[in-house]
Amino acid sequence: MKCKAGKESFLARAIVSAVALLLAKPESAQAATVSVVPDADSFMRSLAPASNYGAGGALSVSGAAAVNGLGVQNGLFDTLIRFPASNIVAALDNAMGQHDWIVTGVQLVLSEMAAPDNAVFNRGIGAFEVRFQAADAWLEGTGKPNAPTSDGVTWNDLPGLVNSNRDVSLGIFTNAGVNSQSAFALALADNFITDVRQGNEVSLLLTAASPEVGFTFNSRNFGNTNAQPRLDVTALPNPRPMFDSVASMGEDIVVSFSATTNWVYQLQRADFMAATQSEAWSNVLTISPQVSPTNVVYSERLTNTRGFYRLSVSPLR
């Protein structure tokens, strides 16, 4: 949104005097959190590279140093989980209007089994990485730890699923090493959030980031639905940046606007409208994310007969 402010006389001043006031106001925007469970998941194992384990009750991530309860190293493990984001979009559209919302947080919730009773799984506390995987056309399969099959995704398939241009890390985390449910806050990477907002299938790859990790957790086939993997997506209504007022006060121009939580606001000014607009605008004020909604009042001494202002907003990353 652009506003123009003028003065009666030209002021030949070389120094600009400016001040910004931030005044808290009551909370107004209400966040909504939507949870979704996978429509497919499977672990893959390096020592059985052509085997599928998509129907098992557990998933696993393991490094080269982790061993099972008998002290045996069962190879590297990676896990793929796919979530149907269409369910997320439908729920948020219903709560806030058709795509009139912005994602502010995503958590991957997993229930760990510290000492799995099946000897195929390794154990150990260590680091693992969660990656957004652009390729979604992998098959879950029907294999189980004690009865693997070849009808779904396998370790051999992983190189063909990698897309260096779109795949992106969403963070490195450490498992607890005890029977517990943990929520891992994922980075809001552009490709990842775009897939969520478009209601696409969203695949995550969990892979070892340290040799010691032996992280086993319940799959979507686990009997207790409360202990299955889930993706929690939190969103806020579109902040719709708007000026409350732009007014001349003597030799000063005063601009006011409202800033909601979790957003970065940027106020820009141009002394004239250039043919190439990007060259005309300069930043005069940046408001970092506030703890609560805030009224912002910005004042500066004009050095020209007119000024143009515009306000933009971007989510906290």
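The values are calculated or read from the model by the stated rules, or taken from the named source; none is laboratory data. Every value quoted in this text rests on a predicted model; they were computed, and no experiment measured them. Here the Cβ is made from the backbone with ideal geometry for all residues, glycine too, and neighbour counts use every protein chain on show.
Of all residues in the stretch 141-188, those satisfying the criterion of being under 22 Å from Val106 (Cβ atoms) and in a loop (DSSP other than H, G, I, E, B) are Val162, Asn163, Asn165, Arg166, Asp167, Asn175, Ala176, Ala187, Leu188. Among the residues of the stretch 168-204, those that are closer than 10 Å to Ala134 by Cβ and in contact with a Leu (Cβ under 8 Å, 6 or more places away or on another chain) comprise Phe192, Val202, Ser203. What do you reckon, is Ser219 more than 20 Å from the chain's Cα centre (by Cα), surrounded by 15 or more Cβ atoms within 10 Å (Cβ to Cβ) and at pLDDT below 95? So Ser219 does not fit the description; no. Scan the stretch 170-190 for residues that are of a type in the set (S, T, N, Q) and loosely packed, with under 15 Cβ neighbours inside 10 Å and the total you get is 3.
In the stretch 1-73, which strands (runs of 3 or more DSSP E) lie fully inside it and hold 3 or more residues that are modelled with pLDDT under 95?
2-6, 18-24
Looking only at residues of the stretch 107-136 that are touching a Lys or Arg at 6+ places or on another chain (Cβ under 9 Å), of a type in the set (A, V, I, L, M) and under 27 Å from Ala32 (Cα atoms), we find that the one that is surrounded by the most Cβ atoms within 10 Å (Cβ to Cβ) is Leu110. Checking Gly97, Gly105 one by one, the residue that is closer than 24 Å to Arg197 by Cα and in contact with a strand residue (DSSP E or B) (Cβ under 6 Å, 6 or more places away or on another chain) is Gly105 and no other. For the stretch 87-104, residues that are among the polar types (S, T, N, Q) and modelled with pLDDT of 95 or more total 0.
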